[in-house]
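Computed from the coordinates by the stated procedures, all read-outs in this text should not be read as laboratory data. Small disclaimer: the values here were computed from a predicted structure and weren't measured. Note: ideal-geometry Cβ built from the backbone for every residue, glycine included; neighbour counts use all protein chains shown.
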């Protein structure tokens, strides 16, 4: 009798686990390829702004944390290679409230002095709702029309960033996300 109860309990738990996995797999993606650029408010060095397309520049959004070593690498890479990112508006977002006044921001002098780069502090819940899970670093690539062409979670080499920016601007790109 006891063995039967254990088998039934285990079977019910296994079925529930399978149902949860299936439900999670069918859940729609927050920001799928082909989505429009979310208009999210953020605090920049110049005050409060809203993320939006200008139809003249491709857009790269980098979500980072000042404590994350992979994020520091990503920021450093962009800082060293800013000259290779012409025609791209770059938004560097964090949820760290003190970042704009921190010493860390000063280590990215080329990014700070570039007119196409904006550092910003975003609300964690709003960013998560608009862009999806908050994995750092996360990169989002939008074409000039503000359509998401690629997203990358995790540390990324500059060659891949440049490649994705070129793809996002190419006429072969299809909104479905296939390249």
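Using a Förster distance of 35 angstrom, determine the FRET efficiency expected from the C-beta separation of residue 153 and residue 7, and round it to 0.05.
0.30
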Shape parameters for segment 60-162, alpha-carbon atoms, Rg then Dmax in Å:
12.7, 35
Just 137, 69, 38 to compare: in a GNM of the chain, with alpha carbon springs under 10 Å, which one fluctuates most?
69
To the nearest 0.05, the calculated FRET efficiency linking residue 73 and residue 17 through their beta-carbon distance, R0 being 22 Å, is 0.05
Fraction of antiparallel bridges per DSSP, segment 42-179 only, in percent to nearest 5
60 percent
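To check you understand DSSP bridge types, tell me what percent of the beta bridges within segment 33-96 (both residues inside) are antiparallel, rounded to 5. Mind dumping the intermediate values first?
On the way: 4 of 10 bridges.
Counting DSSP beta bridges with both partners in segment 33-96, the antiparallel share is about 40 percent.
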For the chain, the percent of all C-alpha pairs falling in each 5 Å bin, from 0 up to the bin holding the max distance, is 1, 8, 15, 19, 18, 13, 7, 4, 4, 4, 3, 2, 2, 1, 0
Any chance you could check the Cα centroid distance between segment 32-97 and segment 1-23 for me, in angstrom?
46 Å
Rounded if a/c under 1.5, otherwise prolate or oblate - segment 37-116, Cα gyration tensor axes:
oblate
For a quick protection proxy, order the peptides 116-126, 39-49, 6-16, 88-98 by their average other-Cβ count within 10 Å, most packed first.
88-98, 116-126, 39-49, 6-16
